[in-house]
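Contents: one structure, followed by commentary.
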Amino acid sequence: MATARGGFSSRLGFILAAAGSAVGLGNIWGFPTQTATNGGAAFVLVYLILAFCLAYPAFMAELLIGRYGQANAVTSLQKMSRTAWQKNFAFIVGFGGIICAALILSFYGILAGWMMSYAVQPAAQLIGMESLSVWAISDSTARNVIFTTLFMVLTVLIIRKGVEQGIETWSKRLMPLMIGLLVILIVYVLTLDGAMEGLSAYLKPDLSRIFEPELLISALGQAFFSLSLGTSVMVIYGSYIAKKENLVTLGAQVTLIDVSIAFLAGLLIIPAMYVAQSQGVAIFAGDGSLISGPGMVFDVLPKLFDGMGFIGLFIGLAFFILMSLAALTSSISMLEGPVSYAVERHNIARPKAATIIGLVILLMSIGIISNIDVMLDGVATLATEYGQPIIAMLVCVFVGWIWHRNEILNEIKSGNENVEASLFWNLWPWYTKFVCPLAIAMVFIHSLKLF
Ligand code: PHE
């Protein structure tokens with residue numbers, strides 16, 4: 001069934017690849033961090049609602065565009081356009097998504113490099129390479145450049161191999177490994193002293209915070225980042241799905257996996273923080289909130305692993321390998337956006353396109369590393385708080401207002417004959433036309449603090 005341009009060879013292949021893109025540092029690091037700073041379970045609750053009510057419909061829009069267009073984001077959107085201005089608009093939205101993916105990869109690669117370096121630290125200690133172990137977590141520019149480069153090389157090597165042998169094969173290998181590691185770590189951490197206190201902090205909602213604007217904005221941003229929306233990634237993955245597949249179910253399954261893994265990651269990280277506390281590690285910042293962000297992953301957790309003695313080396317190693325794998329299955333999807341564009345629109349051979357684009361993005365990462373204090377946050381904010389919501393909103397506008405309803409129906413019907421009578425078809429078109437763009441715009445404008 002794989003076509004000349006490549007495609008996923010099976011349903012499972014797509015599910016694991018799309019879930020691989022969706023599940024990343026956003027789930028295992030971002031989600032627990034946001035939960036910690038936004039009132040625990042109150043955030044989890046809002047996140048779940050927004051993920052299914054807003055992010056899932058937008059996710060479906062991207063998958064459908066791709067499968068209809070059978071091409072990269074720009075070409076796919078242009079196939080739905082009829083007039084010249086629509087084609088230009090299609091270019092802006094499609095290309096904007098591709099740029100957004102490249103920007104995200106440029107900072108994501110640095111974070112992933114940190115994860116790899118923190119995995120090398122216990123590994124080096126285990127084999128007695130003390131100085132490597134110290135250097136790996138030294139926070140130096142050289143360390144950052146080397147590990148970011150290593151991570152980018154892995155990403156490029158997979159994408160050079162194409163959809164079936166690269167993305168699909170590696171997602172099938174890495175995803176089960178990652179989920180297995182996650183479950184083992186959760187089971188282990190939950191047996192330790194202090195874990196139950198963490199569990200209740202994670203699961204008991206502070207309902208008074210549910211309508212806080214900050215919480216809503218963070219939850220929506222987190223849901224969009226987690227489903228890789230507004231980056232052209234799901235359009236291109238959608239284009240590799242066979243016409244016989246039922247997109248509505250596939251999309252729901254991927255959303256469910258994504259949300260569940262974020263939830264599971266919270267079950268690991270928040271209790272782990274409280275275990276660290278019971279071992280004397282400070283887990284609250286000066287203002288009484290749980291330490292989050294880099295401090296949580298690179299300070300509190302390593303201290304916890306340290307406190308466990310010899311077994312801590314293995315737990316630390318497993319944890320940071322887990323993080324690195326999650327990052328890798330996401331980064332390949334980010335690179336696939338620009339690469340598929342270069343291959344299909346400019347006729348560049350895939351291996352060459354992957355290498356050149358990977359190199360350009362690596363240079364961007366090195367630029368960020370050279371002024372990391374300002375640039376890392378700046379690029380992340382630009383891409384995830386501005387780029388992603390704007391592009392995702394424009395994609396919904398495209399589907400809701402430009403794409404013909406009959407064409408949409410035909411596309412959804414392929415692989416799902418009875419969809420016309422379903423709840424999905426009764427709700428989703430209106431949803432994408434009005435609710436999604438408006439809700440995204442409101443949250444976005446709000447985040448600019450304009451009202
Ligand atoms: N969804 C990924 C995560 O949660 C990040 C990502 C964003 C991947 C955009 C692809 C595109 O980490």
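Here is how the numbers come out for the structure above:
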quantity: Extreme residue, modelled with the lowest pLDDT, among residues of the range 369-387 that are acidic (Asp, Glu) and under 20 Å from LEU448 (Cα atoms); calculated: GLU385
quantity: Residue list for the range 74-105, filter: more than 16 Å from the ligand (Cβ to nearest atom), of a type in the set (Phe, Trp, Tyr) and crowded, with 17+ Cβ neighbours inside 10 Å; calculated: PHE89
quantity: Selection from the range 428-448 of residues that are over 20 Å from VAL93 (Cα atoms) and at pLDDT below 95; calculated: TRP430, HIS446, SER447, LEU448
quantity: Close pairs (7 angstrom Cβ cut-off, 6 or more residues apart or separate chains): within 12 Å of ALA19 (Cβ to Cβ) and in contact (Cβ under 8 Å) with a residue 24 or more places away in the chain in the range 160-189, in a helix (DSSP H, G or I) and polar (S, T, N, Q) anywhere; calculated: SER171/THR329; LEU174/THR329; MET175/THR329
quantity: Top-ranked residue in the range 372-404 [being over 27 Å from LEU427 (Cα atoms) and of a type in the set (Val, Ile, Thr); ranked as farthest from the ligand (Cβ to nearest atom)]; calculated: VAL374
quantity: Number of the condition not met by ILE348 [criteria: (1) part of a helix (DSSP H, G or I); (2) surrounded by fewer than 23 Cβ atoms within 10 Å (Cβ to Cβ); (3) away from the ligand (no atom under 16 Å from the Cβ)]; calculated: (1)
quantity: Given (1) within 16 Å of the ligand (Cβ to nearest atom); (2) more than 18 Å from ILE257 (Cα to Cα); (3) part of a helix (DSSP H, G or I), index of the condition GLY230 fails; calculated: (3)
quantity: Exclusive hit being over 21 Å from MET273 (Cβ atoms), more than 16 Å from the ligand (Cβ to nearest atom) and modelled with pLDDT of 95 or more, set ILE357, ILE366; calculated: ILE366
quantity: Residues located in the range 390-400, provided they are closer than 12 Å to GLY221 by Cα and either buried (at least 24 other Cβ atoms within 10 Å of the Cβ) or modelled with pLDDT of 95 or more (or both); calculated: ALA392
quantity: Residue that is nearest to GLY180 (Cα to Cα) [pool: residues in the range 233-255 that are within 15 Å of the ligand (Cβ to nearest atom) and of a type in the set (A, V, I, L, M, F, W, C)]; calculated: VAL254
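The values are calculated or read from the model by the stated rules, or taken from the named source; none is laboratory data. Every value quoted in this text rests on a predicted model; they were computed, and no experiment measured them. Note that we place each Cβ from the backbone using ideal geometry, even for glycine, and neighbour counts take in every protein chain shown.
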